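First up is the structure itself, then whatever we jot down about it.
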Amino acid sequence: MSKADLIVGIQWGDEGKGKIVDRLAQEYDVVCRSQGGHNAGHTIWVDGVRYALHLVPSGVLNPKACNIIGNGVVLNPASLIEEMRQFQHLEGRLFISDKAHLNLPYHAYIDQAKERLKGEKAIGTTGKGIGPAYADKISRTGHRVGELLTPALLCESIMETLASQQAILDALGVSLPSKEALLEELEGYKKALAPFVANTTQMVWDALDAGKSMLLEGAQGTLLDIDHGTYPFVTSSNTVSAGACTGLGLNPKDIGTVTGIVKAYTTRVGHGPFPTEDTEEAGKTMADVGKEVGTTTGRRRRCGWFDAVSVRYASRLNGCDQFALMKLDVLDGFETVKICYAYMLDGKMIETMPSSLENVTPVYEEMEGWGKVAGVRTFDALPENAKRYIRRIEALCGTKVGIISTSPDRNDTILL
Ligand code: IMP
């Protein structure tokens, strides 16, 4: 029997999980997504061809890998179908849990309308209907992928749900599809997706029992977790490692190595507290050099210094065995680099994560920068100051760095 290795984002998402997952996906028999939806996204280049992934697991580029979209995902069928068009011969290589919840166009309209109404207090969601789809699931008014197999029944059921929410939808100004249009849409989804719908819970058990290697690909990041993140400025799923269990039907003993993906600095897209944000020159340089623009929404990401307090917290929450430290090269050329090792809150210095980051200010230590790490492929070849920075992160966060990325190139990766 084997265990499932897990990749999890440690900050506010966009840590560079894609590069690590793409690399690892080549080595695993099964690659799974367990939460989130098409709010996630990364781009992969293979032999000069660009692939955009949102819902399909990264194992899709490994012809031998089986790819599973677990029950914890909220699935937008139109987005998935569009994404699937990039690939051939997916039958028998891609499976969607019949228990995953549907994210339909009206969820996005509701998401966007609610954000508009919130004005300055908006969360800054991706507008993809993620929150409303999960809200329906938790309210027990959601609809599941398995229901796509009987479109007429599903259509009836959705129309009933929408009718019961009519007053709210009217107030939000959300117009709904006619029954005929909805049925046609659902029939299209059935045609395209029925061959992929499966009991993936049993599949992941069978795969592990048969000794297959399995990679669980986290989406978003720990600080966006609905329970443990910077609520309410979070996404609507459990992005922490425990979410991978509920999102696939695994138990905690099924989990093997947990790799936390950490960026050498910090970014956040959308609103919400960000203690180490740098709105001056340094933050702008990180954004420019790191090409910090969201793959899903095209929004510019906010940038700032490494926050060891929240990373230490995230490492403990996820049970990280190691970190993959990404984008170290983006800090090349800085005269000094800063690490936040504590917060000031109500006049006191704290080194643990409070339940809200709204009123904390960062306490920094400053270290000398290094010349250039871009393209370096061995630890020994790194400048001494870069090594010091890495060792300091390990000491402050209590987790060893096992992988270092020194450029977007797949080969510019140091394995320790
Ligand atoms: P939602 O997931 O679209 O509801 O957005 C909620 C918050 O999570 C917003 O701040 C988004 O910017 C953020 N978010 C959602 N998905 C991602 C992601 O894949 N990377 C980074 N931030 C994300």
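The values are calculated or read from the model by the stated rules, or taken from the named source; none is laboratory data. In this text the structure is predicted, and so the values were computed from the model without any measurement. No Cβ is skipped: glycine too gets one built from the backbone with ideal geometry, and neighbour counts run over all protein chains shown.
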- Query: On the given criteria, is Gly59 buried (at least 21 other Cβ atoms within 10 Å of the Cβ), away from the ligand (no atom under 14 Å from the Cβ) and not in a strand (DSSP E or B)?
  - Reply: yes
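Per-residue answers, yes or no, for (1) within 16 Å of the ligand (Cβ to nearest atom); (2) buried (at least 24 other Cβ atoms within 10 Å of the Cβ); (3) among the hydrophobic types (A, V, I, L, M, F, W, C):
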site: Leu24; (1), (2), (3): no, no, yes
site: His38; (1), (2), (3): yes, yes, no
site: Asn76; (1), (2), (3): yes, yes, no
site: Gln88; (1), (2), (3): no, no, no
- Message: Take Leu416 and tell me if it is aliphatic (A, V, I, L, M) and either out of contact with any strand residue (DSSP E or B) (no Cβ under 9 Å at 6 or more places or on another chain) or at pLDDT 95 or above (or both).
- Response: no
- Query: Among (1) within 26 Å of the chain's Cα centre (by Cα); (2) free of Cβ contacts under 8 Å to residues at least 24 places away in the same chain, which single condition is Gly398 missing?
  - Reply: (2)
- When both residues are 6+ apart or on different chains and their Cβ atoms are under 7 Å apart, which pairs have a first residue that lies in the stretch 226-246 and is more than 11 Å from Ser34 (Cα to Cα), and a second that is more than 13 Å from the ligand (Cβ to nearest atom) and part of a loop (DSSP other than H, G, I, E, B)? His228/Val240; Thr230/Leu357
- Message: Please pick out the residue among Leu208, Leu248, Leu215, Leu223 that is in contact with a Gly (Cβ under 6 Å, 6 or more places away or on another chain) and more than 16 Å from the ligand (Cβ to nearest atom).
- Response: Leu248
- Looking at this structure, is His143 within 27 Å of Ser241 (Cα to Cα) and within 16 Å of the ligand (Cβ to nearest atom)? no
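Yes or no: Arg116 farther than 25 Å from Thr200 by Cα and surrounded by fewer than 18 Cβ atoms within 10 Å (Cβ to Cβ)? Show your work before the answer.
Values: farther than 25 Å from Thr200 by Cα: yes; surrounded by fewer than 18 Cβ atoms within 10 Å (Cβ to Cβ): yes.
It is true that Arg116 is farther than 25 Å from Thr200 by Cα and surrounded by fewer than 18 Cβ atoms within 10 Å (Cβ to Cβ).
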- Could you look through the stretch 117-140, keep only residues that are more than 9 Å from the ligand (Cβ to nearest atom) and aliphatic (A, V, I, L, M), and pick out the one that is farthest from Gln166 (Cα to Cα)? Ala122
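Can you name every residue in the stretch 151-161 that is surrounded by fewer than 17 Cβ atoms within 10 Å (Cβ to Cβ) and either in contact (Cβ under 8 Å) with a residue 24 or more places away in the chain or of a type in the set (Asp, Glu) (or both)?
Filtering the stretch 151-161 for residues surrounded by fewer than 17 Cβ atoms within 10 Å (Cβ to Cβ) gives 152-153, 156-157, 159-161.
Correct list: Ala152, Glu156, Glu160, Thr161.
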- Are there any pairs, at least 6 apart or on different chains, whose C-beta atoms fall under 9 Å, with the first in the stretch 350-365 and among the aromatic types (Phe, Trp, Tyr) and the second at pLDDT below 95 and assigned to a strand (DSSP E or B), and if so, which? none
- Item | Qualifying positions in the stretch 253-273 - crowded, with 24+ Cβ neighbours inside 10 Å and part of a loop (DSSP other than H, G, I, E, B) | Ala264, Tyr265
- Task: Would you please list the contacts, defined by Cβ atoms under 8 Å and residues six or more apart or on different chains, that run from a residue in the stretch 46-62 that is within 15 Å of Pro408 (Cβ to Cβ) and in contact (Cβ under 8 Å) with a residue 40 or more places away in the chain to a residue that is charged (D, E, K, R) and not in a loop (DSSP other than H, G, I, E, B)?
- Result: none
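Checking the structure you have, find out if any residue of the stretch 358-376 is closer than 29 Å to Asp5 by Cα and of a type outside the set (Gly, Ala, Ser). Write out each step before concluding.
As a first pass, look at the stretch 358-376 and keep what is closer than 29 Å to Asp5 by Cα: 373-376.
Right, trim to of a type outside the set (Gly, Ala, Ser) and you get 373, 376.
Yes, because at least one residue in the stretch 358-376 is closer than 29 Å to Asp5 by Cα and of a type outside the set (Gly, Ala, Ser).
So, in the stretch 1-22, of the ones that are hydrophobic (A, V, I, L, M, F, W, C) and more than 12 Å from the ligand (Cβ to nearest atom), which residue ends up farthest from Pro77 (Cα to Cα)? Spell out how you get there, then give the answer.
In the first step, residues of the stretch 1-22 are kept if they are hydrophobic (A, V, I, L, M, F, W, C); the result is 1, 4, 6-8, 10, 12, 20-21.
Narrowing further to those that are more than 12 Å from the ligand (Cβ to nearest atom): 1, 4, 6-8, 10, 20-21.
Details: Met1: 33, Ala4: 27, Leu6: 26, Ile7: 25, Val8: 25, Ile10: 28, Ile20: 27, Val21: 23 Å.
This residue is Met1.
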